[in-house]
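Everything below concerns the one structure shown next.
The values are calculated or read from the model by the stated rules, or taken from the named source; none is laboratory data. Remember, it's a predicted structure, so these values are computed and weren't measured experimentally. For neighbour counting, all protein chains shown are included, and Cβ atoms are generated from backbone atoms with ideal geometry for every residue, glycine included.
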Amino acid sequence: MNKTYGIIAAFDTTPEIYQACEKVRDAGYTQWDALTPFPVHGLDYAMGLRRSKVPRFSLAGGITGFTVGMGFIAWLGLSEYPLVVGGKPMFSPMFAFPVSYELTILFTAFATIGGMFFLNRLPMHYHPVMKAPQFVRAMDDRFYIVIETNDPKFNATATRDLLVKIGGKDIAELEA
């Protein structure tokens, strides 16, 4: 027996998908997604998505990189290789800045990429939507909304009726 993953509906234009997303959001669905062939400005707002948490990972990576850089140079100058050259201090933030700056950039980049992978649950080698024959057009010229069966508000008949009411075409069930 095949388990149903959700229901998919097609839309032809950017304004149609935008308005449909607003109506699905207003209907109270929480476990759903919009598939578009290109980024649609403001679609995240129409879907009711919160701001991304990736910048928090970036900030943590940057602070860690800066701290590691300063700490490394301080440890090196004060403990591991204490050498006074030309009367300069054993540790000065001015001399440690280039290393700290580079490590800040490096750690920020790695934390950003790692945070994005973590929050998006990547790598995801399989997703039920990829099995749908319509999915190929989502990468070319058509827009789709997929409402998942694990949504608390999901009811096969009511969900299908909503998608018809908001202008969805080629409505089909997706196998899990």
- Item | Hits in the stretch 108-127 (condition: touching a residue at least 40 places away in the same chain (Cβ under 8 Å) and under 21 Å from Met47 (Cα atoms)) | Met116, Leu119
- Query: Is there a residue being in contact with a Leu (Cβ under 8 Å, 6 or more places away or on another chain) and not aromatic (Phe, Trp, Tyr) anywhere in the stretch 40-49?
  - Reply: no
- Message: What's the number of the only condition in (1) under 27 Å from Pro152 (Cα atoms); (2) of a type outside the set (D, E, K, R); (3) touching a helix residue (DSSP H, G or I) at 6+ places or on another chain (Cβ under 9 Å) that Gln31 fails to meet?
- Response: (3)
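Only one of Leu83, Leu78, Leu103 is over 17 Å from the mean Cα position of the chain (by Cα), over 30 Å from Trp32 (Cα atoms) and in a loop (DSSP other than H, G, I, E, B). Can you tell me which?
Leu83
If you go through the stretch 8-35 one residue at a time, how many are outside any helix (DSSP H, G or I) and either outside the structural domain of Ala138 (by TED's automatic domain parsing) or farther than 22 Å from His127 by Cα (or both)?
Looking only at that region, the number is 4.
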- A careful count of residues in the stretch 107-138 that are over 12 Å from Lys53 (Cα atoms) and of a type in the set (Ser, Thr, Tyr) gives 2
- Message: Return the residues of the stretch 152-176 that are crowded, with 17+ Cβ neighbours inside 10 Å and in a loop (DSSP other than H, G, I, E, B); say none if nothing qualifies.
- Response: Phe154, Ile166, Gly168
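Looking at the stretch 115-129, can you tell me whether even one residue there is on the phi > 0 side of the Ramachandran plot and modelled with pLDDT under 95?
yes
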